[in-house]
Every structure is written in C-alpha cells, then in structure tokens.
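Here, each number is a calculation from the coordinates, and none is a lab measurement. Note that the coordinates shown come from a computational prediction; the quantities given were computed from them, not determined experimentally. Virtual Cβ from ideal backbone geometry, glycine too; neighbours counted across all protein chains shown.
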Amino acid sequence: MSVRSEIVEGIAEILWAEGWSNHVEEHGCKNLSGQEITGIMPPIPKDAYEYAEKWARETEKMNGKSLGELYDEAMEANEREHTRSRRTSPRDFGNSLTFMIEGAGVSWFDDNAEFDLEVPDHVGGEATSDLMFLAGSTCEAAWENPACPECGAFNQPGDTKCRNCGESLEKDEED
C-alpha cells in the first residue's frame, strides 16, 4: 500500500468512526463506554473512502504537493526538531488531517514538529452527517426501533412518545 493510500485510509477511518459512533450514541444500539471505536466499528464503507479521497485531493491542491510529499516534510520536520512521537505513521497523519480539516481541535502538531501545512475547512460535518445516516440505515437495531417520524430522534424500545418532540411513536393500524 502506498503512503498516500495509507493516509487516505487514516482519513476514512476517522470519518467512519465519527459517523458510526454518532449514530450509536444517538440511537443507543451499542454501549461504547471504554471502547476504542476503531476497534469495534463495522468495516469502513465506500462512502467514507469517497469523502477521504475528496479531502485528500483538496489538501494536495491547497499545498501544491502530494500527500506523500507532505508526509515526507512532516517526518523531516520531526527529524530536524528532534521530535519523538509515537504517532508518526502515514495512517496517523491521515487521522490527524481529518481532525484538523474538521476543526476538531486535535492537530498533527500536538505530537509532532511544525511544518507548512494548509488544510481545507470542513467544519460542520457534512461527511459525518452523511456517514451517520448511512450507519443508521444499516443498523439492525434501528430497523426494530426506528427514528421518530416527526423529528428524526431515536428513542428507546418500548417508548410510546418521542423523548425529543413528544410525538406519538405508536404505529397507526390501517383499516
């Protein structure tokens, strides 16, 4: 696998982890307490790779360099500054790029030396929202306990009224 592919994999991994875990937390279909999300989430879907590839191309265009070249610069900066970090793999670089692109407050530079790097701005999470919807559409528990038809909030099995908007969750029996 090329360095670029590993970086894109790291971007897709975080995008899917966020989308899937957001669904799980909202829906309550799995207990995530104390879990490493990337260790228990389903396989990364094609949609996450498509977003990752789009973000990779945007990052390359903004910097006028390939992801591989940017990663090489990151490693050279660590060497030049004598920075020792446990998070230096191409996949780690992709993970960090994702958080930076989303404006999540986590940065490659938290654990690694600074170098010139620009990232696109995707604060607001269209990708995460789309992937959360995808996770919900593939969640067997969601089929048994669907979202409120009025507001889209998930409720607990057996609820008769939505905890968010108060709308009835009872299915109307057709005559």
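When cysteine pairs in the chain are screened for C-beta atoms closer than 4.7 angstrom, the residues that find no partner are Cys29, Cys139. Selection among Cys29, Tyr51, Asn63 by position relative to the dipole of the chain gives Asn63 as farthest towards the positive end (Cβ unit charges, Cα centre).
Amide H contacts of Lys161 (H built 1.01 Å from N, in plane; Pro and chain starts excluded): Leu169 sit under 5 Å, all sequence-distant by 5 or more or on other chains. Global dimensions of the chain from alpha-carbon coordinates: Rg and Dmax equal 19.7, 76 Å. When the charge dipole of the range 79-124 is built from unit charges on Cβ atoms (+1 for Lys and Arg, -1 for Asp and Glu) and taken about the Cα centre, the candidate among Pro90, Met100, Pro120 whose Cα reaches farthest toward its positive end is Pro90.
Within a 10 angstrom radius of the beta carbon, how do Lys65, Lys46 rank from fewest other beta carbons to most?
Values: Lys65 16, Lys46 8.
Ordered from fewest to most neighbouring Cβ atoms within 10 Å, Lys65, Lys46 come out as Lys46, Lys65.
With q set to 0.20, 0.24, 0.25, 0.27 Å⁻¹, the log10 of I(q)/I(0) for the range 1-67, from the Debye formula over equal scatterers at the Cα positions, is -0.79, -0.98, -1.03, -1.13.
Apply the membrane-span-like helix rule to the chain: whole DSSP H runs, Cα extent along the own long axis of at least 30 Å, mean Kyte-Doolittle hydropathy at least 1.6. List the helices found. Mind dumping the intermediate values first?
Values: long enough: 3-27 (36 Å, -0.24).
Span-like helices here: none at all.
Charging the Cβ of each Asp and Glu at -1 and of each Lys and Arg at +1, and nothing else, the dipole of the range 3-144 about its Cα centre rounds to 240 debye. Over the chain, what is the relative contact order in percent, taking alpha-carbon pairs closer than 8 angstrom and at least six residues apart? With pairs under 8 Å counted, the relative contact order is 28 percent.
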